[in-house]
Amino acid sequence: MSSVVTQPMYFDTASTTQIAQEVLDEMVACLSSNGCHGNPSSLMHQPGRAAAAVVAAARKQMAAELGCEAGEILFTSGATEANNLAIQGVALAHAEQGRHLITSKIEHKSVLETCQALERQGFDVTYLTPNRAGWIELEDVKNALRTDTLLVSLMHTNNETGIQQPLEAVADLIANAGVLFHVDASQAAGKFRIDLNSIPIDLLSISAHKFHGPKGAGCLFIRNRRRLKIQPLVFGGGQEFGLRSGTLATHQIVGLSEAMHLAASRRDADFFHVVELKSFFLERLAMQIKIKIHGDPRCCSPYLVNISIAGISSDALINQLLNDVAISSGAACSSGTIDSSYVLRAMGIDGDDLYGAVRIGFSRYHTISDVLKAAQHIVSAVHRMQELD
Ligand SMILES: *Cc1c(COP(=O)(O)O)cnc(C)c1O
């Protein structure tokens, strides 16, 4: 006896995205028997040098897309590691000069928990509160700066709400104060143009699987890497300029750079596509049920929306939709617990709005018909739940 299990439609793209065929093809070619199996650090022989050349080309590609030098890109296992290395690496290497860091209450756990670990080691961290629109006020950053502040860490685009920070103004302010600025760009890289040549960001984290690359791949941009002191977290063979030991995962690096290249080459088309998807989706929902959008839509990424539906809890809705539409109530690492979203709470959202919040993510691979179907599934689920009440 066999039963056909149909996959629900996938709309949790803020959590992760499907790999692009182009990326997969490059990775498979790299991993195949006549691919690139040498160790990129073994420069005594041809297979090693061939792998080193592939890594160098990927580094150059990433740098070209981001407007920086190839030597400023350090490959990691993803944004969690990049965030850890940026924040701990800077703090531990500069502890003699200062012990104060600034971040916000709406950062990803890989930033927040890294800061908390540093607090246990004697560092002092200011956690800024966002306004109701979902972003951090410039004035608050300014007021939090101290003479012993080493680093400010703020995200580009929030992974629960899609709200984007006014980064250019913040970056200028922080640069003028002579403080280092780290940006978690996991939800922005590939999707939005980030020109490191024109914006004074010192450290920037990227995760490949948020823009149709492989999981377990990412990078950290480090401006003036030769001059900026960073304490490594992983010791060993001295790969990645001595800052991140371990044999380089050639195929992952190829996947990251191919995903970046692909995203950059179709950035505008993808952007206008998701703008359209999001507006069709919200329009279709709003015609039939009462929804509330969290965060100011004018500062929101079109790749994501966070909504509550009157009288409906997120857990119940997600369960009703289980076979039809995969969506989530927040960050993957914290869902599974019944905790409400700390991001929305920090924005001052409470009560039913807080417990009903779900996020829906759009991607280049969704069609208008997909989003209309998803909206219809949600509407039917809500009607079913209202009848049960
Ligand atoms: C996904 C994500 C991360 C973690 O990235 P990984 O590559 O999965 O470690 C960090 N910050 C934000 C904002 C994210 O969305």
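Okay, here's what the table says:
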item: Long-range HN-HN contacts of D124 with modeled amide H, under 5 Å; result: H100, L101
item: Karplus (6.51, -1.76, 1.60) ³J(HN,Hα), θ = phi - 60°, over the range 339-344, in Hz, Gly and Pro reported as x; result: 4, 7, 5, 5, 5, 5
item: For the range 349-356, 3J(HN,Hα) per residue [Karplus equation, 6.51 cos²θ - 1.76 cosθ + 1.60, θ = phi - 60°, Hz, x = Gly/Pro]; result: 8, 9, x, 4, 4, 5, 7, x
item: Percent antiparallel among DSSP beta bridges (both partners in the range 266-388, rounded to 5); result: 90 percent
item: Lys, Arg +1 and Asp, Glu -1 on Cβ, resulting dipole of the chain about Cα centre, debye, nearest 20; result: 640 debye
item: Computed magnitude of the charge dipole of the range 266-388 (debye, nearest 20; Cβ of K, R +1, Cβ of D, E -1); result: 280 debye
item: Most fluctuating residue given options A208, A57, A86, as computed from a GNM of the chain linking Cα atoms under 10 Å; result: A57
item: Modelled label reach - A29, point 7 Å along Cα→Cβ, the range 246-275 residues with backbone N closer than 17 Å; result: 250-263, 265
item: Viscosity 0.692 mPa s, temperature 37 °C, Stokes-Einstein D of the range 21-265 from Kirkwood C-alpha radius, µm²/s; result: 179 µm²/s
item: Top of V183, V152, V141 by mean-square fluctuation, Gaussian network on the chain, Cα under 10 Å; result: V141
item: Residue (of M347, Q288, F221) at the positive-pole extreme of the chain, dipole from beta-carbon charges; result: F221
item: Farthest positive-ward along the chain dipole, Cα basis, beta-carbon charges - from V55, G356, S41; result: S41
item: Cα-derived Rg to Rh of the range 134-219, Kirkwood definition; result: 0.98
item: Within a Gaussian network of the chain (alpha carbon springs, distance under 10 Å), most fluctuating of L204, L304, L43; result: L43
item: 16 Å reach of a label modelled at R298, 7 Å along Cα-to-Cβ, counting backbone N of the range 97-137; result: 131-137
item: Lysines with Cα under 29 Å of K191, excluding same-chain neighbours fewer than 8 positions away; result: K60, K105, K109, K142, K210, K215, K278, K292, K373
item: Residues whose placed amide H lies under 5 Å from that of F181, excluding near-sequence neighbours; result: V152, D202, L203
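Each reported figure results from applying straightforward, stated rules to the coordinates on display, with no laboratory input. Quick caveat: nothing in here was measured; it's all calculated off a predicted structure. Backbone-built Cβ (ideal geometry, glycine too); neighbour counts: all protein chains shown.
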